[in-house]
Amino acid sequence: MSSVYFTRHQHSKYLHLLNRVSKFVGRTHELNQLQDCYNSPSPRLVVIKGRRRIGKSRLIYFFATRSTHTTGNTFWYFSGLAPDSKMTSQTQRDHFSRQLAAHLNQPACYFTDWFDAFCYLGQHSRPGDIILFDEISWMGDKDPSFIPKLKAWWDQHFHRIMLIFCGSVSTWIEKNILNSTAFFGRVSLTLTLGALSIAESNDLLRTRGFQASDYDTYKLLCVLGGIPWYLEQIGPGQTADYSITRLCFSKDGLLATEFDRMFHDLFNSKHQQYKALLHRVSNGMTSLATLRDSVPDATRTLSTRMDHLITAGFVQKQVLWSFKTQKPLKQTLYRLSEPYTRFYLKVIEPNRHKLNTDLFKTKQITSLPGYDAHIGLQLEYLLLQNEAQLIQAIGIHPADIIASGPFRQTGTKAGCQIDFLIQTTTRTLFICEFKFKQHELDSLIIAQVQKKINSLKVPRGFAKIPVLFHISDVTAAVATQHYFYRIINIADF
């Protein structure tokens, strides 16, 4: 039989995962990639990165336990300790040693050198074993020799084991592993986990016993995004508004405190500077020049910091393009990449001072000024995370797409901002409008979209085709006018 060894805390977590192994949702493509890598006779070094709570450890647990059960091998799990001002490299080695001792069911050894620790692990591993170094940035951040010694040990054992590096601090992984000369050409597979799709998120909610209308399900997803750990906090008998209040607007609510903890762990003493940039981007797509004017103290390092926020999964770079030449424009815009980050910065944080009074125990969150408008804007971030599904619903083949994304027209008297725009090889522009309304949409929506179309300047011979994505019904007046190329109810997702 295969073996999996954990400390007492890890063993409890592992049993909890095993009890839910049949409910594992999504990640089919990633699981297939991992299995192909494991079956390969070539060296098997895997890097998995992604924001906290995205399900990296869960994916590895599921894959590794299933694979080693089949082969009769061992899944070895090691994790670094969370950052602390008093943390040293020896503290991390001692923690590694205790985990190794739990694996082997023997007293812990004392290692003063990482290479000795790795070699001791290598003496007890067998061909076909899977070894995970979780939160590897925490393990190695205090010792500059960590990576060279890990590489030297890997060079001796690559033919025997599958080694997986996993971590939330993607900037550290990029610098020290993916872009490092030590591991250049040695990484067999790199996976960057993103949010679950809308369909997968819905499946996960249903396995948790959540039962609600399509509108309430989307309201919840517009706040939580497709982050598995957030979705797992929802249980049976809970409405969307109750869940959002409990998680986001209670004194010790998980998502009321999650952001600052997560952000501090990623950026340490510089987290306030990075957070200031996020606040600027949360107001909408923003250019580097605008950011430079509004955050003057970050001028010299602004581009690098924005790259760090992109790598960490908080920001996405949106390249504008020329309809005529089909080439990118010089100006690049930045926008937030996920719903929860925006919701925290725009709704939760401004109300944090009210949470200590438990105001929301008696006050409905829907009474917050502009709350419905914020939820409507949240839908844009959720749908943009599911771009492939939007394109499929319209009926466009990906090979026919020249460029796509949220679009902002600049340099003209008439400004124009489009939720999602697609340019195809047939000189067609699909102008997509997102609407999150509980009531029926009447013909006013046509006037709103047409105003944007009239403002959008395009070369002669281009077609501008409107598409509507919505959650409610549309009136007969809208449906029978045949104004929209597609009227797509996102409940079908």
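The values are calculated or read from the model by the stated rules, or taken from the named source; none is laboratory data. Quick caveat: nothing in here was measured; it's all calculated off a predicted structure. Counting neighbours? That spans all protein chains shown, and the Cβs are built from the backbone with ideal geometry, glycine included. Side chains included, ligands, DNA and RNA excluded: accessible areas come from the protein's heavy atoms. Shrake-Rupley method; radii C 1.70, N 1.55, O 1.52, S 1.80 Å.
Looking at segment 179-196, can you tell me whether even one residue there is outside any loop (DSSP other than H, G, I, E, B), more than 27 Å from His308 (Cα to Cα) and either free of Cβ contacts under 8 Å to residues at least 40 places away in the same chain or not hydroxyl-bearing (Ser, Thr, Tyr) (or both)? No - not one qualifying residue is present in segment 179-196. Per the conditions (1) within 16 Å of the chain's Cα centre (by Cα); (2) over 23 Å from Ala82 (Cβ atoms), the sole criterion not satisfied by Arg208 is (1).
If His95 passes every condition in (1) modelled with pLDDT under 95; (2) touching a strand residue (DSSP E or B) at 6+ places or on another chain (Cβ under 9 Å) but one, which one does it miss? Only one criterion in (1) modelled with pLDDT under 95; (2) touching a strand residue (DSSP E or B) at 6+ places or on another chain (Cβ under 9 Å) is unmet by His95, namely (1). Checked against (1) open to solvent by 50 Å² or more (accessible area, probe 1.4 Å); (2) touching a helix residue (DSSP H, G or I) at 6+ places or on another chain (Cβ under 9 Å); (3) among the small types (Gly, Ala, Ser), Gly185 passes all but a single condition, namely (2). Sub-9 Å Cβ pairs linking a first residue in segment 397-424 that is over 13 Å from Asn454 (Cα atoms) and open to solvent by 60 Å² or more (accessible area, probe 1.4 Å) to a second residue that is in a loop (DSSP other than H, G, I, E, B) and of a type in the set (Ser, Thr, Tyr), at least 6 apart or interchain, are Ala399/Thr425; Asp400/Thr425; Asp400/Thr426, ordered by first then second residue. Do we have Lys435 as open to solvent by less than 60 Å² (accessible area, probe 1.4 Å), in contact with a Cys (Cβ under 6 Å, 6 or more places away or on another chain) and within 23 Å of Val478 (Cβ to Cβ) here? So Lys435 fails the test.
Is there a residue being over 21 Å from the mean Cα position of the chain (by Cα), at pLDDT 90 or above and not hydroxyl-bearing (Ser, Thr, Tyr) anywhere in segment 246-258? Walk me through how you get there before you give the answer.
Restricting attention to segment 246-258, the residues satisfying the condition of being over 21 Å from the mean Cα position of the chain (by Cα) are 246, 249-252.
Those still in the list that are at pLDDT 90 or above too: 246, 249.
Still in the list and also not hydroxyl-bearing (Ser, Thr, Tyr): 246, 249.
Yes; the residues of segment 246-258 include at least one that is over 21 Å from the mean Cα position of the chain (by Cα), at pLDDT 90 or above and not hydroxyl-bearing (Ser, Thr, Tyr).
Would a scan of segment 372-384 turn up a residue that is open to solvent by 60 Å² or more (accessible area, probe 1.4 Å), of a type in the set (A, V, I, L, M, F, W, C) and farther than 26 Å from Gln438 by Cβ?
Keep residues of segment 372-384 that are open to solvent by 60 Å² or more (accessible area, probe 1.4 Å), which gives 372-373, 377.
From what is left, the residues that are of a type in the set (A, V, I, L, M, F, W, C) are 373, 377.
After this cut, where a residue has to be farther than 26 Å from Gln438 by Cβ as well, the list is none.
No, there is no match, as no residue in segment 372-384 is open to solvent by 60 Å² or more (accessible area, probe 1.4 Å), of a type in the set (A, V, I, L, M, F, W, C) and farther than 26 Å from Gln438 by Cβ.
Do we find that Ile173 is in a helix (DSSP H, G or I), surrounded by 17 or more Cβ atoms within 10 Å (Cβ to Cβ), touching a residue at least 24 places away in the same chain (Cβ under 8 Å) and in contact with a Lys or Arg (Cβ under 6 Å, 6 or more places away or on another chain) in this structure? So that I can check it myself, show each step before the final result.
On the way: in a helix (DSSP H, G or I): yes; surrounded by 17 or more Cβ atoms within 10 Å (Cβ to Cβ): yes; touching a residue at least 24 places away in the same chain (Cβ under 8 Å): yes; in contact with a Lys or Arg (Cβ under 6 Å, 6 or more places away or on another chain): yes.
Criteria met by Ile173.
Inspection of segment 199-219 finds no residue satisfying the criterion of being free of Cβ contacts under 8 Å to residues at least 12 places away in the same chain and on the phi > 0 side of the Ramachandran plot. Those residues that are in a helix (DSSP H, G or I) and surrounded by fewer than 16 Cβ atoms within 10 Å (Cβ to Cβ), I need them from segment 152-170; list them, please. Residues satisfying the conditions are Ala152, Asp155, Gln156. Here Phe360 clears all of (1) farther than 30 Å from Pro459 by Cα; (2) modelled with pLDDT of 90 or more except the condition numbered (2).
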